[in-house]
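Engineer: Can you keep this structure in mind? I'll have questions shortly.
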Amino acid sequence: MKLQRRNSLFPIMAALALFAMMAAFYSCDNTFHVFDDIQTEVKQVGTDIFKNATVKALGDDGTNYYAAMAKAWYRPIAGGDWKVLPIAGDADYESYSLVSDGSGAVYAVLTKSGSPAIYKGTAAGTTWTPLTLGSLDGLYLDELYFSNATLFALAHSGTGNAIKYSLHHSDGTAAFATTTLTNLATPLIGIGHDGVNYLVATSTKVYKAVAKTGPWTEDTPPGDKIFGGIAADHANDIHLSTQDGYLYTWDGAAWSAVKTIKAKQILGMLAEVETTPGSAVYRLLVAHANNGYYEYDGVAAIEGDDSGTAFGPPTSAYTTTIYGKTVLAVHSSSVASGVDEILIGLASQGSSTGYALYSNKYVSGAWSGWSAE
Amino acid sequence: MKKSFALIGLIALVSILPLAAQIIPEDPFFGGLHRQGSQLITINVGAGIPLFIVPDSPTPGDPNPLSIGASLNIGYQYFVRNKFSIGGALSGAYNSTIGGRNLFLAPLSFRTGYWFGKGSIEASLGGDIGLVIMRLSGNGVISPFLKAGGGAYFQITNAWSLGGQAFWWFIPEIHFGTESAYTRYGNFLELSLGAVYHF
């Protein structure tokens, strides 16, 4: 029964414990409140169609919200269920891009029986009119953008390394016509208008033009950055995020010095949101790789669950919904809707428990926090 | 949920059965395994049961939106006196929340134990004090950690015993100053099956 005695393992254990403690202290942030965060959690029960799905684009016409998720989906802003949107009486289509113009019209890219089309929806989505493709005829449609009362369409031709992207425009009624921005090797990531100039960005370059048709001249901020998103704000400044954690701002004449959102972090799309409806105080929501978004007030950036968040309290309302996911679209309800609400569209989460669409409504003087649609 | 309770019941049963079944005369130091200078390693795997989370001023209905999870425990003890051991333990546990997140707990603790045995059954009572690393949604927090409980094991060879243990985990997540309102006290129950290796 007697076992052979060995040397004590205490020195080894002590060394391991010391190492573990150092690692722990390095990785922890005691400003976070674990148990409180758990206790404020609300079980998210959303619409099944948004489970493990991708909502790529969002819009509204003052009556309905619209979401592009393989098809166009809609629900009344006043409340109700999300349904497939019949376009021109037909729900047998695929849709991957849509925009709204803020004046009651919605534009959607459709593919019906393999043929692309762009439809304009009016009268609360009950009337859909096909736009004449014009210069888009024969091209593959990629994205729609709406800027300065102009509908832009990004399209490409060719395959593989021979793909060439081009930008086309329409006033929403006339046939699409080509701009002089053609033969791009990489797609655009967005368009902004500063009141005088259009600025469009690819992942590596920014082009500027006064007229929507062009000519476009390159005006890329210095630094050889890779860009993640571009968007105009309420003051017609244009913000450009980078995939290494920085932000440039175009004030109508020049790019600002680079501003740090969070160094070495991948930033994506941008959207400006009013922190309190009617306050004229805004923050940029800046997509942060697959980790939700940063809120940026022009001075400092915080994560969506940090102390001081404008849209997320309690923090669990962010960490159980947006955190850990890729933000693809943010949409503030239009003034015409009479509702103060933000929708956020996310990429597929790879799990059956996450949703692709959440909303945050301003009621009784406070944001409700994100909840599944 | 029924499977979880069935598993917990099994673990609890295995934990207490050895204590109830023995009438063999006591060996004061369990064949020398509990003598001063002896050492042992314990390994336990089982359930991590969230009991309750309360603030400084608890009220009925304080939410505890955690589900039953799992726990793992590896410990080392050295007998500084007959039957009395000190050592350390590295534990791990996880529980999911109603919001679909996972709470990970990794306590690192100093342990004291009192060991005794009868026949082929050995048992221990003890307590731990240390720190726990808690991680939730990518955020980490370090908090004090206390646990108390005991275990019972059936000796199957000179060196090895198999059995189970039950420990109450107490985690005071204390915040100061303007954040003191976020102070909470987490309470968990570890019910686990395990092995003891003497050397």
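Engineer: Where in the stretch A:267-326 are the strands (runs of 3 or more DSSP E), entirely inside, with at least 2 residues that are on the phi < 0 side of the Ramachandran plot and of a type in the set (A, V, I, L, M)?
Structural biologist: The qualifying strands (runs of 3 or more DSSP E) are A:267-274, A:282-288, A:301-303.
Engineer: Can you tell me which residue is modelled with the lowest pLDDT among those in the stretch A:322-353 that are within 12 Å of chain B (Cβ to nearest Cβ) and within 17 Å of the chain's Cα centre (by Cα)?
Structural biologist: A:Gln349
Engineer: Let me ask another. From the list B:Ser57, B:Ser38, B:Ser67, exactly one residue is away from every other protein chain (no Cβ under 13 Å) and of a type in the set (Ser, Thr, Tyr). Which is it?
Structural biologist: Only one candidate passes the filter, namely B:Ser57.
Engineer: List pairs: first residue in the stretch A:288-315 and free of Cβ contacts under 8 Å to residues at least 24 places away in the same chain and within 18 Å of A:Leu328 (Cα to Cα), second residue assigned to a loop (DSSP other than H, G, I, E, B) and small (Gly, Ala, Ser) anywhere in the structure, Cβ distance under 7 angstrom, at least six positions apart or on different chains.
Structural biologist: A:Glu295/A:Gly304; A:Glu295/A:Ala310; A:Gly304/A:Gly312
Engineer: So, of the residues in the stretch B:52-67 that are in a strand (DSSP E or B) and in contact with a Phe, Trp or Tyr (Cβ under 6 Å, 6 or more places away or on another chain), which turns out to be modelled with the highest pLDDT?
Structural biologist: B:Ile53
Engineer: Shifting gears a bit: Cβ contacts < 7 Å: first residue more than 10 Å from B:Ile142 (Cα to Cα), restricted to the stretch A:31-42; second residue β-branched (Val, Ile, Thr) and in a helix (DSSP H, G or I), any location; separation 6+ or different chain. Result?
Structural biologist: From the stretch A:31-42, the pairs are A:Asp37/A:Thr319.
Engineer: Could you count how many residues in the stretch A:344-372 are surrounded by 23 or more Cβ atoms within 10 Å (Cβ to Cβ) and under 17 Å from A:Pro76 (Cβ atoms)?
Structural biologist: Residues meeting the conditions: 1.
Engineer: Another question, if that's okay. So which of A:Ser166, A:Ser203, A:Ser170 is crowded, with 19+ Cβ neighbours inside 10 Å, touching a Phe, Trp or Tyr at 6+ places or on another chain (Cβ under 6 Å) and under 29 Å from A:Leu110 (Cα atoms)?
Structural biologist: Values: A:Ser166 fails: touching a Phe, Trp or Tyr at 6+ places or on another chain (Cβ under 6 Å); A:Ser203 fails: crowded, with 19+ Cβ neighbours inside 10 Å.
The unique qualifying residue is A:Ser170.
Engineer: I would also like to ask the following. Kindly indicate the residue of the stretch A:249-300 that is among the charged types (D, E, K, R) and under 23 Å from A:Ala366 (Cα atoms) and also surrounded by the fewest Cβ atoms within 10 Å (Cβ to Cβ) among those meeting that condition.
Structural biologist: Filtering first and then ranking leaves A:Asp297.
Engineer: Turning to a different aspect of this structure: If a residue must be closer than 27 Å to A:Thr315 by Cα, of a type outside the set (D, E, K, R) and in contact with a Leu (Cβ under 7 Å, 6 or more places away or on another chain), how many such residues does the stretch A:55-78 contain?
Structural biologist: 6
Engineer: Against the condition without any contact (Cβ under 8 Å) to a residue 60 or more places away in the chain and facing another protein chain (nearest Cβ under 8 Å), how does B:Gly130 come out, does it pass?
Structural biologist: In short, no.
For (1) surrounded by fewer than 22 Cβ atoms within 10 Å (Cβ to Cβ); (2) modelled with pLDDT of 95 or more; (3) away from chain A (no Cβ under 12 Å); (4) outside any strand (DSSP E or B), each residue gets a yes or a no:
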position	(1), (2), (3), (4)
B:Leu125	yes, yes, yes, no
B:Ser143	no, no, no, no
B:Thr178	yes, no, no, yes
B:Glu190	no, yes, yes, no
B:Leu193	yes, yes, yes, no
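Engineer: Working carefully through the options A:Ser95, A:Ser157, A:Ser115, find the one that is polar (S, T, N, Q) and under 30 Å from A:His234 (Cα atoms).
Structural biologist: Result: A:Ser95 is the single residue among A:Ser95, A:Ser157, A:Ser115 that is polar (S, T, N, Q) and under 30 Å from A:His234 (Cα atoms).
Engineer: State yes or no: is A:Ala177 closer than 25 Å to A:Leu328 by Cα, surrounded by fewer than 18 Cβ atoms within 10 Å (Cβ to Cβ) and in contact with a Gly (Cβ under 7 Å, 6 or more places away or on another chain)? First the steps, then the outcome.
Structural biologist: Numbers: closer than 25 Å to A:Leu328 by Cα: no; surrounded by fewer than 18 Cβ atoms within 10 Å (Cβ to Cβ): yes; in contact with a Gly (Cβ under 7 Å, 6 or more places away or on another chain): yes.
So A:Ala177 fails the test.
Engineer: From the residues in the stretch A:37-83 that are crowded, with 18+ Cβ neighbours inside 10 Å and polar (S, T, N, Q), which one is farthest from the other protein chains (Cβ to nearest Cβ)?
Structural biologist: Within the stretch A:37-83, the match that is farthest from the other protein chains (Cβ to nearest Cβ) is A:Asn64.
Engineer: Oh, and also: Scan the stretch A:355-365 for residues that are of a type in the set (Gly, Ala, Ser) and in contact (Cβ under 8 Å) with a residue 12 or more places away in the chain and report the count.
Structural biologist: Matching residues across the stretch A:355-365 total 2.
Engineer: Looking at (1) surrounded by 19 or more Cβ atoms within 10 Å (Cβ to Cβ); (2) of a type in the set (A, V, I, L, M); (3) closer than 21 Å to A:Ser371 by Cβ; (4) away from chain B (no Cβ under 14 Å), find the lone condition where A:Leu110 falls short.
Structural biologist: The single condition A:Leu110 does not satisfy is (3).
The values are calculated or read from the model by the stated rules, or taken from the named source; none is laboratory data. Everything numeric here is computed off the predicted structure, so don't read it as measured data. Glycine gets a Cβ as well: all are built from the backbone with ideal geometry, and neighbour counts include every protein chain shown.
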